[in-house]
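Just so it is clear, none of the values below were taken in a lab; they were calculated from the coordinates. The shown structure was predicted, so the numbers you read here are calculated from the model rather than taken from an experiment. Neighbour counts run over all protein chains shown; Cβ positions are idealised from the backbone, glycine included.
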Amino acid sequence: MSVGNDTKFKSSVFLLTGIPGQEDIHLWISVPFCFIYVISIIGNSVILFIIKRDPSLHEPMYVFLSMLALTDLGLLTSTMPTILGTFLFNFREISFQACFAQLYFIHSLSLIESSVLLLMAFDRFVAIRDPLRYASILTLPRIAKMGLVCVLRGLVLIFPFPFLLKRFRYCRDNILSHSYCLHQDVMKLACADITVNNIYGMLTALFTFGMDSLLIFVSYMMILKTVLSVASPTESLRALNTCVSHLCAVLLFYIPDIGLAVTHRFGNSSSLFLQVLMGYIYLLAPPLINPIVYSVKSKHLRARIVRVFIK
């Protein structure tokens, strides 16, 4: 469904793609996607419910965990309708406006999640480095202000993306690489110079994901330095154990994100199947696994969940 390079599409839609070469079994593939969707919604909702219901969990670490769960729910809500529509009903068309709106929410929520992970690293650093002043440093009003800054940063920096894409004519092709919209995927279809989009997208990624990941790394270097200075090996292991859940969340988020960026940038040398696979891991793995990891590793949270379900 493409036309000549000097004409514009008569239809104002993009075509979403499921898994290349597996179109005949898309209906069966939708089963695990539905399972992942339901489990992710339940897991993150349970985390939010337990934390809200139990006053003893109204601590900085669990407030940040609530932010993470809300962000994951937002990512699921903004992507799963088109993903399931593609696999279940072969509904592949998405209008330009809907696509631009979807990619705005995906990128802004991803940026917010990166910021929340940075705040969680700061939380672990303060808890281990200065435990006696932990409650006085990370007060609830201060946490609320930090959360607001994270949200505004994500919304404002991604705001130009849809407008940078609206100015283009799309006359090369209208088939996207995924069953949802991404800025780097859509701009490849434009029949115009996309240098501005490339530069702004790269600067935004470096200023946000790059800076956040660097600060998280520095935080853990300082945590490790503090832990190694503790005389007791038992206390050192206990302190490091409180960071395991957050480290898992960081790896789950940044590794697929980097992989997706690399496969898009070097798409000519990587298979389309690999791009699609990395895209689904990037969106679906964190919301599915984060609640499980935190529920397993946090004895306090796990005890509250068990108590609620037993009642």
Checklist entry - Under the rule of -39500 (n - 2.57) per DSSP H run of 4 or more residues, summed and divided by the residues of the chain, what mean residue ellipticity at 222 nm is obtained, to the nearest 500 deg cm²/dmol? => result -24000 deg cm²/dmol
Item to check | Dipole magnitude of segment 13-310, debye to nearest 20 (Cβ charges: Lys/Arg +1, Asp/Glu -1, about Cα centre) | outcome: 740 debye
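Pairs 52/225; 52/145; 225/299; 52/297: which exceed 30 Å Cα-Cα?
Details: 52/225 34 Å; 52/145 19 Å; 225/299 26 Å; 52/297 19 Å.
Distance filter (> 30 Å) returns 52/225.
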Checklist outcome for this item: Taking R0 as 22 Å and r as the Cβ-Cβ distance between residue 142 and residue 215, the FRET efficiency 1/(1 + (r/R0)^6), rounded to the nearest 0.05, comes to 0.80
Checklist entry - Using alpha-carbon pairs under 8 Å, 6+ residues apart, how would you state the relative contact order of segment 13-310 in percent? => result 27 percent
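With 10 angstrom as the radius, rank 294, 200 by how many other C-beta atoms surround their C-beta, starting from the fewest.
200, 294
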Next on the checklist: Residue by residue through segment 290-295, what is 3J(HN,Hα) from phi via Karplus (6.51 cos²θ - 1.76 cosθ + 1.60, θ = phi - 60°)? Round to whole Hz and write x for glycine and proline.
Outcome noted: 4, x, 5, 4, 5, 5
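What ranking of 26, 107 emerges when the number of other C-beta atoms within 10 Å of each C-beta is taken as an exposure proxy, fewest first? Spell out each step's value before the answer.
Numbers: 26 17, 107 23.
Sorted ascending by nearby Cβ count, the order is 26, 107.
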Item to check | Span per principal axis, largest first, for the Cα atoms of segment 13-310 (Å) | outcome: 64, 44, 34
Checklist entry - Picking from 31, 131, 164, whose Cα lies most toward the positive end of the charge dipole for segment 13-310 (charges on Cβ: Lys, Arg +1; Asp, Glu -1)? => result 131
Next on the checklist: Using amide H atoms built in the peptide plane, which far-off residues or other-chain residues are under 5 Å from residue 175 H to H?
Outcome noted: 15
Item to check | Extension reserve of the residue 195-residue 299 stretch, reckoned as 0.36 nm per residue once the Cα distance is removed | outcome: 32.4 nm
Item to check | residue 203 versus residue 133: modelled label distance in nm, points set 7 Å from Cα along the beta carbon direction | outcome: 3.7 nm
Item to check | Label-point gap, in nm, between residue 98 and residue 35 - each point 7 angstrom along Cα→Cβ | outcome: 2.8 nm
Next on the checklist: What number do you get for segment 1-148 when its Cα radius of gyration is normalised by 2.2 N^0.38 Å, N = residues?
Outcome noted: 1.41
Next on the checklist: For the chain, take the longest principal axis of its alpha carbons; what is the angle in degrees between that and the long axis of helix 96-129, to the nearest 10 within 0 to 90?
Outcome noted: 20 degrees
Checklist entry - Taking amide H positions as placed 1.01 Å from N in the peptide plane, with prolines and chain starts having none, which residues 5 or more places from residue 169, or on another chain, fall under 5 Å of its amide H? => result 191
